[in-house]
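For reference, the structure discussed in these notes is given below.
The values are calculated or read from the model by the stated rules, or taken from the named source; none is laboratory data. These numbers come from a predicted model, not from an experiment. Virtual Cβ from ideal backbone geometry, glycine too; neighbours counted across all protein chains shown. For the accessible areas, the whole protein counts, side chains as well, though only heavy atoms, and no ligand, DNA or RNA atoms are used. Shrake-Rupley method; radii C 1.70, N 1.55, O 1.52, S 1.80 Å.
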Amino acid sequence: MISTAGWWLASSLIGWAAFPLVWRFLHRLPERGFGLSRAAGLLFSGYILWLGASFRLIPNTLGGGLTALLVLLGVSLWSIRGRWQELKTWLRANSRYILMVEILFLLAFLLWTFVRANNPRIEATEKPMELAFLNSILTSEQFPPKDPWLSGYAISYYYFGYVMQGMLTMLTATPSGVAFNLTNSLWFALTVVGTYAILFNLLSTRSEGRSIF
């Protein structure tokens, strides 16, 4: 339960850190990208960490993850300089939509966490390989990460998704096996709110009023 709460809180904070940046650049969307801000925040902060660890600027550690988040927050706040009042007005005017997205995310996250809790085994298909990649990310301070099967070599496979997963794992101090299943829940919840946001934007452009339903 503590790990579940930690992942929900961490993903929420990352989403809010990225929202001013998303709000600024997706200004043509009716909902200004709020429903996509969690995914965008995870993408941007993960990319900053990957870039920093690849160029030996920051380590792939808890400190490096926090640094990536601070960089994201700084860029996000800089992007709306002089537009604070406009952002506050938008937040007040769209409070019902914001609440709807937050509730949808929480319910979807809890639902798939319940599913994985009743079938937490990491076996079959590519799951053992994915867990090996996650563990490799967690034990590599710089990128490319160590190959989990061939000592002295780096992973010769695309691994950015595991960087985002590993960053959340380090930020929440979650064991890798638990983090693997919580990542499943997170992807599911992000898909739910992302789909809802896209539909909201499409339908809002075709009607005069905007209904959260």
Quiz item: For region 106-213, which whole-number percentage of the solvent-accessible area (1.4 Å probe, protein heavy atoms only) is attributable to carbon and sulfur atoms?
Solution: 63
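Taking 0.36 nm per residue of sequence separation and subtracting the Cα-Cα distance, how much length would be gained by fully extending the chain between Arg121 and Leu70, in nm to one decimal? Walk me through the numbers on the way to the answer.
Working: separation 51, 0.36 × 51 = 18.36 nm, distance 3.50 nm.
So the extension gain works out to 14.9 nm.
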Quiz item: Assigning unit charges at the beta carbon (Lys, Arg +1; Asp, Glu -1) and nothing else, what dipole magnitude in debye, to the nearest 20, does the chain show about its Cα centre?
Solution: 700
Practice problem: Return the label of the correct value of mean projected area of the Cα convex hull in nm², as calculated from the structure shown, out of (1) 13.0; (2) 16.7; (3) 11.5. | Solution: (1)
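Quick one: accessible area per residue over region 31-139, 1.4 Å probe, rounded to a whole number of Å²? Could you put the intermediate results ahead of the total?
Working: 5890 Å² over 109 residues.
Heavy-atom accessible area per residue stands at 54 Å².
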Quiz item: How large is Rg over Rh for region 1-87, taking Rg from the Cα atoms and Rh as the Kirkwood inverse mean of 1/r across Cα pairs?
Solution: 1.02
Exercise. Distance between Cα centroids, region 144-188 to region 18-53: provide it in whole Å.
Key: 21
Exercise. With springs connecting C-alpha atoms under 10 Å apart, model the chain as a Gaussian network and identify which of Ala197, Ala154, Ala39 has the largest mean-square fluctuation.
Key: Ala154
Practice problem: Using the Cα centre as the reference, give the magnitude of the dipole from point charges on the C-beta atoms of region 1-92 (Lys, Arg: +1; Asp, Glu: -1; all else neutral), rounded to the nearest 20 debye. | Solution: 260
Self-check item: Dipole of the chain [Lys/Arg +1, Asp/Glu -1 at C-beta], most positive-end residue of Trp84, Trp112, Leu99
Solution: Trp84
Exercise. Among Ser185, Ser76, Ser95, determine the one that fluctuates most according to a GNM of the chain built with springs between C-alpha atoms less than 10 Å apart.
Key: Ser95
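Suppose only helical runs count, i.e. DSSP H with n ≥ 4. What mean residue ellipticity at 222 nm does that imply for the chain under -39500 (n - 2.57) per run, divided by all residues and rounded to the nearest 500 deg cm²/dmol?
Values: 8 runs with 147 residues, N = 213.
Here the helix-only value at 222 nm equals -23500 deg cm²/dmol.
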Self-check item: Choice from Leu87, Leu131, Leu13 showing the highest fluctuation, given a GNM over the chain with Cα pairs closer than 10 Å
Solution: Leu87
Quiz item: What is the dipole size for region 84-204, taken about its Cα centre, with +1 at each Lys and Arg Cβ and -1 at each Asp and Glu Cβ, in debye to the nearest 20?
Solution: 360
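Hey, any idea what Rg/Rh is for region 84-155, computing Rh the Kirkwood way over Cα pairs?
Working: Rg = 20.5 Å, Rh = 16.2 Å.
Taking Rg over the Kirkwood Rh, I get 1.26.
Please give the length that would be gained between Tyr47 and Arg83 if that part of the chain were fully extended, namely 0.36 nm times their separation in residues minus their C-alpha to C-alpha distance (nm, one decimal).
Numbers: separation 36, 0.36 × 36 = 12.96 nm, distance 2.63 nm.
10.3 nm is the gain from fully extending Tyr47 to Arg83.
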